[in-house]
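Participant: One structure follows; several queries about it will come next.
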Amino acid sequence: MSTAALVQLAGPISSENGPGLFLRFILIASFVGVGLMVWALARAGRDGAKRDAARAAAREAERAGTAGTAGRTADDLG
């Protein structure tokens, strides 16, 4: 289908109220919703990566600083 035919078919939809206007609102809202979802997932992934890095650093510090004393209390250590 040629571009001119598509423009001719879309003409009444874009200039009149009716289902075309409603569908346009639905389309815009869906794009906004997808954008917000992508933003939220990216933010959650970034926060999760920070949390994972902090846990790994804490594990490494525990291994390096207190080798062999994991799970023991201060009273047990003397």
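The values are calculated or read from the model by the stated rules, or taken from the named source; none is laboratory data. For clarity, every value in this text was computed on a predicted model and none was experimentally measured. So basically every Cβ, Gly included, is an ideal-geometry build from the backbone, and we count neighbours across all protein chains shown.
Participant: Scan segment 56-67 and give yes if some residue there is at pLDDT below 80 and surrounded by 10 or more Cβ atoms within 10 Å (Cβ to Cβ), otherwise no.
Facilitator: Yes; the residues of segment 56-67 include at least one that is at pLDDT below 80 and surrounded by 10 or more Cβ atoms within 10 Å (Cβ to Cβ).
Participant: Got at least one residue in segment 24-35 being at pLDDT below 85 and either in a helix (DSSP H, G or I) or surrounded by 10 or more Cβ atoms within 10 Å (Cβ to Cβ) (or both)?
Facilitator: yes
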